[in-house]
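Student: The structure follows.
Only the coordinates and a few stated rules stand behind these numbers; no lab work does. Just so it is clear, the model here is predicted, and its values are computed rather than measured. As a convention, Cβ positions derive from the backbone with ideal geometry for all residues, glycine included, and neighbour counts pool all protein chains shown.
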Amino acid sequence: MPSETKSPLDRARRKAFLRLLPVLFISYMIAYVDRVNVAVAKLTMVKDMPDFTDAVIGFGSTLFFIGYFLLEVPGTLMVERWSARKWICRIMVTWGLMAGLTAFVTTPTQFYSVRFLLGLAEAGFFPGVIVYLTHWFTSRDRAKALSYFLIATPFAQMLSPISNWLLKFGTTEVLKNGETLVHPPLMGLVGWQWVYIFWSIPAIVLGIGVLWLLTDHPRQAKWLTSEESEALEAELAREREIKTRGKRMSVLEAFAHPKVLLLCAAYFFITTCSHSMELFMPSVIKEWYALSRDEFTWLIVLPPLLALMGQLLGGWSSDRFQERRLHACLPILIGAIAMLCAPATMGTLTLTMLCLMVAFAGFKTYMPAFWSLPSLFLAEAAAAGSIGLINSVGNLGGAVGPAIIGKLKTSTGSFTSGFWFLGASMLVAFLIIFFLGLGARKSEAERLKKLTM
């Protein structure tokens, strides 16, 4: 259908997708690289600084999420009550600075301090964007919009070849033919330092650019016609009215809502697994198989590649069928099974990679449907605060998981028990979402029927 024959609402919806999501996608991709590039950097950090054991790296990840937890809810409320673009700008510039400072740590204590400050700096970005999307996208588009935003994480992981290339500076590589290749430091800095510095720069630059690239609300968008902005604002207001009809829920009341608390628990158990695997997967592959740097570099791209396709398909399907519950919990179940099977594949590279790919797809595909659940029963500040609470409490799993995996690896010398622990965590998340019952297709259809009344 030609654009001029579309309704003002449909034209506004399409423009919002094309204008806003590319900026949010790139911002989140850079944020994610800055958060998890320690997984690549640690491969040579531990050689230059023997005190940096798996337990130290794991505890540093724990401190990141503690800092993240402290400012998550206030940061999310800032997006709802003040300005998304200004708050995202502040976040990106400060996290870029903290990420770059990691290049100059020399002791575990310094590493712990910088990771904690990085968590404080990044707090509010992810849930803030989730809330920001509710200012622009109606319920019928929300899971698809979320999927376009969330695929930034597998894309970020697919950028690992760049980090691995940077990692070569200041190292000695033994080629398969026995030849020794020496990579000198660059400007007096070695590879793991350049990994942190290189990725900090786009965070700062894009953070400043966000002030001009994003718009807080449709009514403020100069790139929409007055007819388009009014139509989109009216549709969003109509949905908010349906959810707030009767008694409005305060932020504190939302925090005590049983469904919010259960979503916090589910997200805690799934992030316990996802953040642990993102941090330790390169170490697992390197320990289990003797691979060249180039072979290793391209293998770790495969799990996020499948996860990317899973997120796009999951978001499209969830909106297509207007179903959230099964789209959220079934990928988690499949990923849990793959995680539990992974230790049995040690020694067979193809099967190991298959398990890791399915596990990654599991703990990424569920996200568009999962993050559509809070907006089914909450609106405005209650929704914003609750999304921040779910993300902050849930991300404590990102603090607990890596610390436990690091301790298990240090004490047992093996990742096997860690895989079992993470698989069990995913099963718990599956059970919570499944029995919560929120977002089943029948209830969603009833909700949409109300919207047309």
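Student: Taking only Cα atoms, what is the 0 to 90° angle, nearest 10, from helix 441-451's long axis to the longest principal axis of the chain?
Tutor: Helix 441-451 sits at roughly 40 degrees to that axis.
Student: Using r as the Cβ-Cβ distance of S226 and W420, and R0 as 45 Å, what FRET efficiency do you calculate, to the nearest 0.05?
Tutor: Working: r = 59 Å, r/R0 = 1.30.
E(calc), rounded to 0.05, equals 0.15.
Student: Once a ≥ b ≥ c are taken as the square roots of the eigenvalues of the Cα gyration tensor of the chain, is the result rounded (a/c under 1.5), prolate (a/b larger than b/c) or oblate (a/b not larger than b/c)? Each step should come with its number before you reach the end.
Tutor: On the way: a/c = 1.88, a/b = 1.56, b/c = 1.20.
Because a/c hits 1.5 or more and a/b exceeds b/c, the chain counts as prolate.
Student: Relative contact order of the range 22-144, please, whole-number percent, based on alpha carbon pairs below 8 angstrom and at least 6 residues apart. Provide the component values of the computation, followed by the final result.
Tutor: Numbers: 119 pairs, mean separation 43.7, N = 123.
Rounded, it is 35 percent for the range 22-144.
Student: Rounded to whole Å, give me the distance from the Cα center of the range 336-371 to that of the range 379-419.
Tutor: The range 336-371 and the range 379-419 have Cα centres spaced 17 Å from each other.
Student: Could the peptides 271-282, 359-370, 36-47 be put in order, highest first, of the mean number of other beta-carbon atoms found within 10 Å of their residues? Could you put the intermediate results ahead of the total?
Tutor: Values: 271-282: 25.5, 359-370: 28.7, 36-47: 21.5.
Final packing ranking: 359-370, 271-282, 36-47.
Student: Given a cut-off of under 8 Å on Cα pairs at least six residues apart, what relative contact order in percent is computed for the chain?
Tutor: Working: 795 pairs, mean separation 115.4, N = 453.
Once divided by the residue count of the chain, the mean separation gives 25 percent.
Student: Please arrange Y267, Y148 by counting, for each residue, the other beta carbons lying within 10 Å of its beta carbon, fewest first. Please list the in-between numbers first.
Tutor: Numbers: Y267 26, Y148 21.
Going from least to most buried by this count: Y148, Y267.
Student: Could you tell me the center-to-center distance, by alpha carbons, between the range 99-119 and the range 1-70 in angstrom?
Tutor: The two parts, judged by their Cα centres, are 18 Å apart.
Student: I want to check the label-to-label distance for T410 and M309. Put each point 7 Å from Cα in the C-beta direction and report it in nm to one decimal.
Tutor: Each label point is offset 7 Å from its Cα along the Cβ direction, giving 3.9 nm.
Student: Using a Förster radius of 22 Å, what is the FRET efficiency between W82 and E241 based on their Cβ-Cβ separation? Nearest 0.05, please. If you can, show how the numbers build up before the last one.
Tutor: Details: r = 23 Å, r/R0 = 1.05.
Result of the calculation: an efficiency of 0.45.
Student: In addition: Can you tell me the FRET efficiency between E253 and T172 if r is taken as the Cβ-Cβ distance and R0 is 60 Å, rounded to the nearest 0.05? Please list the in-between numbers first.
Tutor: Numbers: r = 61 Å, r/R0 = 1.01.
That pair, E253 with T172, gives E of 0.50.
Student: Which of D10, D51 has the fewest other C-beta atoms within 10 Å, and how do the rest follow up to the most? Write out the running numbers ahead of the final one.
Tutor: On the way: D10 15, D51 11.
By the 10 Å Cβ count, ascending: D51, D10.
Student: Could you work out [θ]222 nm for the chain from helices alone, using -39500 (n - 2.57) per DSSP H run of at least four and dividing by all its residues? Round to the nearest 500 deg cm²/dmol.
Tutor: Working: 22 runs with 344 residues, N = 453.
So the helix-based figure for the chain works out to -25000 deg cm²/dmol.
Student: When a/c reaches 1.5 or more, the comparison of a/b and b/c decides; with that in mind, is the range 329-414 rounded, prolate or oblate per its Cα gyration tensor?
Tutor: Values: a/c = 4.56, a/b = 1.75, b/c = 2.60.
Oblate is the answer for the range 329-414, as a/c is 1.5 or above yet b/c matches or exceeds a/b.
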